[in-house]
Amino acid sequence: MAVPKRKQSRARTRSRCTHHAEQVKSITHCLNCSNPLNTHQVCAECGFYKGVKVMATKSDRAVKRGQVRQAKDARTNATQQEPVVEAEATTTPNS
């Protein structure tokens, strides 16, 4: 195993360790909603990156889920009401 010949000075040790300090992250604002965010990141609030929608947000998914439910409910209501309407239509011409 290698053994150092001399003790390393504080200046040499500290100059080697200067690169281990944490860097301050720069913060920018979203072009769409002005929400603060890190650089080169997609905005979590609106899903935009450089002015282009690239990600579906939680609110977008909730809106879509509501639309799917309404469409499903409309389909089930239409299928339940059809037999009643047809039965009335067939009895009306005969009488």
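Please grab the % of Cα pairs in the chain that end up more than 20 Å from each other.
More than 20 Å apart: 71 percent of the Cα pairs in the chain.
Based on the Cβ-Cβ distance of V52 and E22, what FRET efficiency does E = 1/(1 + (r/R0)^6) give at R0 = 35 Å, to the nearest 0.05? Mind dumping the intermediate values first?
Details: r = 32 Å, r/R0 = 0.91.
Once the sixth-power term is evaluated, E becomes 0.65.
Across the chain, how many lysine pairs, 8 or more apart or on two chains, come within less than 29 Å at their alpha-carbon atoms?
9
At K7 and N35, where each label point lies 7 Å from the Cα along Cα→Cβ, what is the point-to-point distance in nanometres?
Going from the K7 label point to the N35 one covers 5.5 nm.
Quick check: the angle from helix 58-94's long axis to the longest principal axis of the chain, C-alpha only, nearest 10 degrees?
10
Read-outs: derived from the displayed coordinates by stated rules, not from any lab. Everything numeric here is computed off the predicted structure, so don't read it as measured data. Neighbour counts run over all protein chains shown; Cβ positions are idealised from the backbone, glycine included.
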